[in-house]
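Let me begin by presenting the structure, written as structure tokens, before commenting on it.
The values are calculated or read from the model by the stated rules, or taken from the named source; none is laboratory data. Here the structure is a predicted model, which means the values were calculated and not measured. With ideal geometry, Cβ positions are generated from the backbone for all residues, glycine too; neighbour counts draw on all protein chains shown. The accessibility values were calculated without ligands, DNA or RNA, using every heavy atom of the protein model including side chains. Shrake-Rupley method; radii C 1.70, N 1.55, O 1.52, S 1.80 Å.
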Amino acid sequence: MKAYPVAPPWQGIKLELMEDTHLDPHLPAPELRRELGERIAEAAFNRYPNPAAPALKDMMRKTLGIDAKYEIMLGAGSDEVITIISQATIAGGGTVVSLEPSFSVFKNAATAVAGRYVGVSLNADFTLNVDALIATIEREQPKLVWIVYPNNPTGNLFPDADIERVIKAAPGLVVIDEAYEAFAGRSWLPRLSEFPNVVLMRTLSKIGLAGIRLGYAIGAPEWINEFNKVRGPFNVGVLQQVATEVMLKHFHVLKSHANLMVQERDRLFNALKAMPDVTPFPSAANFVLARFADSAAVFEALKSRGILVRNLYALHPLMQNTLRLSAGTPDENRQLIDALKELTN
Ligand code: PMP
């Protein structure tokens, strides 16, 4: 196995991990900072957290529109939710199917619990080869299927009709990972009750709270009850709970940043499209994947100008000569676009 690669701290412009850079370097409103400080100071550090997190879950239901008929499971980022779901479904030899290229943590999580991982390649243009996926599901009878909607690192939304076919073909659980839902404006949540074998997974990381570590699964209580059997009983600490509650009270701030990121993503896409020898791929997330004539050279040249992006060539053969560029603030994107114009001319 290889550990998930994380770059050392970066002083310059960091457009590597799809963070909300609008919140840098300080939270915008002094009242918000004061409220956070007060609530954190009041938290009971000496006690184990309440794992049911009723106040936080109530706030999540209200702000994120999660119906009472679904249960919510919290995790330290969706990374932990992935581990928990893998443990609950495929530990000790169960089969999991994921698309490639997609989020690499699915494979590591499977390997760590001695699950059997089967990857299905996307088409060369990163569209879904739904027939290949369904043939694999029929052959392998997986207990778990991961679908990222929109996909990371490619940015595209697979067609709903194809996903529906996959859900119907799957003999076990299908998890739809909606980490980038805030930017796509599309979700399976309104239709979740139609599909008893589907659970949704989301995160607050991409809308401003990556440092807090709060991811979650939404699903029928029957599924969440099973996941809870392998979840560490106190996995989400009191600081995470309280800080998330306060930040969700100010959800409009996070939402406005998400809207800005969507605008910046589109601006970035159009600028890349106008550059010679650069092919950006349409994205519904807060990043753009683009192919360059020599991505390694562009990556290094950006780095020497203080801009860190993600070079994912090692992830999959289809990723050759691609870079993933997170949508930053208007100023960060201006600097990124200016640098790329110079480098690609
Ligand atoms: N799923 C996808 C598709 C992601 O891109 C990421 C983060 N890059 C995650 C899950 C994990 O996010 P977190 O652990 O911060 O919630």
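Just a few scattered comments:
- Residue in the range 241-250 that is modelled with pLDDT under 95, outside any helix (DSSP H, G or I) and either away from the ligand (no atom under 16 Å from the Cβ) or farther than 22 Å from S98 by Cα (or both) present: yes
- Checked against the criterion of being more than 11 Å from the ligand (Cβ to nearest atom), assigned by TED's automatic domain parsing to the domain that holds N228, open to solvent by 40 Å² or more (accessible area, probe 1.4 Å) and modelled with pLDDT of 95 or more, the range 147-156 contains not a single residue that satisfies it.
- Sole residue being open to solvent by less than 10 Å² (accessible area, probe 1.4 Å) and either assigned by TED's automatic domain parsing to the domain that holds L200 or farther than 30 Å from V253 by Cα (or both), chosen from E138, E100, E178, E164: E178
- Residues that are more than 12 Å from the ligand (Cβ to nearest atom), touching a Phe, Trp or Tyr at 6+ places or on another chain (Cβ under 9 Å) and either open to solvent by 30 Å² or more (accessible area, probe 1.4 Å) or not assigned by TED's automatic domain parsing to the domain that holds K62 (or both) are absent from the range 198-218 altogether.
- Matching entry among M59, M18 (being closer than 21 Å to A210 by Cα, within 16 Å of the ligand (Cβ to nearest atom) and open to solvent by less than 50 Å² (accessible area, probe 1.4 Å)): M18
- Condition check for A182: closer than 24 Å to P317 by Cβ, in a helix (DSSP H, G or I) and hydrophobic (A, V, I, L, M, F, W, C): no
- Verdict on A88 being farther than 30 Å from T244 by Cα and either surrounded by 20 or more Cβ atoms within 10 Å (Cβ to Cβ) or not hydroxyl-bearing (S, T, Y) (or both): no
- The selection criterion, being within 16 Å of the ligand (Cβ to nearest atom) and in the same structural domain as G155 (by TED's automatic domain parsing), holds for G232.
- For A53: the one exception among (1) of a type outside the set (S, T, N, Q); (2) more than 15 Å from the ligand (Cβ to nearest atom); (3) at negative phi: (3)
- The lone exception for G185 - which of (1) open to solvent by 10 Å² or more (accessible area, probe 1.4 Å); (2) modelled with pLDDT of 95 or more it fails: (2)
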